[in-house]
Amino acid sequence: MGLIVQKFGGSSVADADRIRNVARIITETYKRGHNVVAVLSAQGDTTDDLIAKAAEINPHASKREMDMLLSTGEQISCSLCAMAVEAMGIPVVSLTGWQAGVQSNSSYGNARINRIVTERILTELDRRCIVIVTGFQGINKYGDITTLGRGGSDTSAVALAASLHADLCQIYTDVDGVYTADPRLVPGAHKLDEITFDEMLELATLGAQVLHNRSVEMAKRYNVNLEVLSSFSGKPGTRVKEVVKIMEKSHVSGIAKDKNVARLALVGLADEPGIAFRIFSLLAREKINVDIILQSIGRGDKKDISFTVAKSDAGEATRILEENREYIGFDHIDVNDKIAKVSIVGAGMINNPGVASSMFEALFNAGINIHMISTSEIKVSVLVDLDDADRAVQVVHNKFFGEVELQSAL
Ligand code: ADP
Ligand code: ASP
Ligand code: MG
């Protein structure tokens, strides 16, 4: 007998039939003798709908009140699922984040879990109850409800699995596992049987929404046995682990797209020491994350610095920089939010300089212009026009995986 944490995303609990399907999966696991902690997201588009409702009342609502509102979605799906399990005659209890002891910091809207006081859950498991916990939420030191950021139920599940020393954490979703690219965007994408924590972390951070990136970070830190699988198909999914047996023939494991990007360019900066420090310390003070940075070579005594931020931060970043125009010293700011970042990820690319150029070749052949490039040991990211982004993912995917498909078809 083991302890299994099973997380179900919004589409897996979208209506009554799907909730019954989740009840079936968790009770079957229970009947096999395991202790089961289920973590549920809000039903379907509930979280988006709640955000829209709030905007009707007050577009500038405080983050605290937003968390109070958004956390209700998960409470609905968990209580409904508990009712479905009850109807099957199996002992069950649903718990909110605070009842489950999920303690977080106070960053409303993007809180981090500090620790989980597991007593209540363990007591319920000792009584052989299935425990259903609301994903996406915690409680801070003031006793206020917090939420963990969009997609955060994955992180709730992994945090619970780590604190409870679970044998397995299964993330049930609406696709069969982690694919070489978003299967909804690239029909030829294929499912990976295994992927390393590092690659998955990059993919998730670079826009593959199948896992919340902090859940992968946490799974790596606590070595949680993690699997992504479908709540509909019953097929084996993708195992996310420290080391995988054999890498795909390709040096690339996956391709990700991130549309939540804006590019800011500060034009006409003085070409002298201290300018980059001024710009980026101002942004860091306001906790604005900067991603790709590009500095032009000086022309006379002037230079430009371009960088990317999350689209949602672009307005605030522009305001901060405009307010400090004299301190920084620039002619004007140019903002472009009609762009996207397309990235290839793979541990196998580190010793293969040809990988980046293959990506650039695929984009060139498709007539797609690259605005910025950034690389690390296991990824290459390019910034392209938003209108080109989906095509870019497809042609890059064909470049790296087209041949693999042909080989396996023979
Ligand atoms: P859930 O509601 O279950 O948390 P999400 O919508 O957050 O599900 O994540 C699942 C979705 O992630 C899939 O439907 C798929 O479109 C998308 N996705 C993006 N990149 C990938 C990828 N590389 N592999 C699998 N799914 C991906
Ligand atoms: N319901 C939340 C969201 O839509 C959390 C989640 O689904 O993981 O972002
Ligand atoms: Mg999700």
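Derivation of every value follows stated rules applied to the coordinates shown; laboratory data play no part. Small disclaimer: the values here were computed from a predicted structure and weren't measured. Positions of Cβ are backbone-derived with ideal geometry, glycine not excepted, and every protein chain shown enters the neighbour counts.
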Cβ charges +1 (Lys, Arg) and -1 (Asp, Glu), total dipole of region 128-229, debye
420 debye
Which longest uninterrupted range of the chain lacks any GluC sites (Glu not before Pro) assigned by DSSP to a loop state (not H, G, I, E or B) and surrounded by at most 13 other Cβ atoms within 10 Å?
1-241
What distance in nm separates the simple spin-label points at Asp17 and Lys63, each placed 7 Å from Cα in the Cβ direction?
4.0 nm
Region 220-317 - Rg (one decimal) and Dmax (whole number), Cα, Å:
20.9, 64
Starting with the fewest neighbours, write out Met372, Met218, Met200 ranked by other beta-carbon atoms found within 10 Å of each beta-carbon.
Met372, Met218, Met200
Roughly what would the spin-label model give for Lys245 and Phe277, points 7 Å off Cα along C-beta, in nm?
5.4 nm
Give Lys257/Lys399; Lys241/Lys338; Lys7/Lys191; Lys31/Lys191; Lys245/Lys379 a once-over and call out the pairs whose C-alpha atoms are over 25 Å from each other.
Lys241/Lys338; Lys31/Lys191
Förster radius 41 Å - calculated FRET efficiency between Thr72 and Arg319 (Cβ-Cβ, nearest 0.05):
0.80
Between the alpha-carbon centers of region 115-179 and region 21-36, tell me the distance in whole angstrom.
16 Å
Okay, helix-only estimate at 222 nm for the chain: each DSSP H run of n ≥ 4 adds -39500 (n - 2.57), divide by all residues, round to 500 deg cm²/dmol; what do you get?
-11500 deg cm²/dmol
Roughly how many nanometres apart are two label points built 7 Å out from the Cα toward the Cβ at Ser106 and Glu28?
4.6 nm
Expressed as a percent, the portion of alpha-carbon pairs in the chain spaced more than 42 Å apart is 18 percent
Looking at the chain only, what percent of DSSP beta bridges run antiparallel? Nearest 5 please.
60 percent
Enter the angle in degrees (range 0 to 90, nearest 10) between the Cα long axis of helix 153-163 and the first principal axis of the Cα atoms of the chain, meaning the one along which they spread out most.
60 degrees
Tell me, His60, His212 in order of fewest to most beta-carbon neighbours within 10 Å?
His60, His212
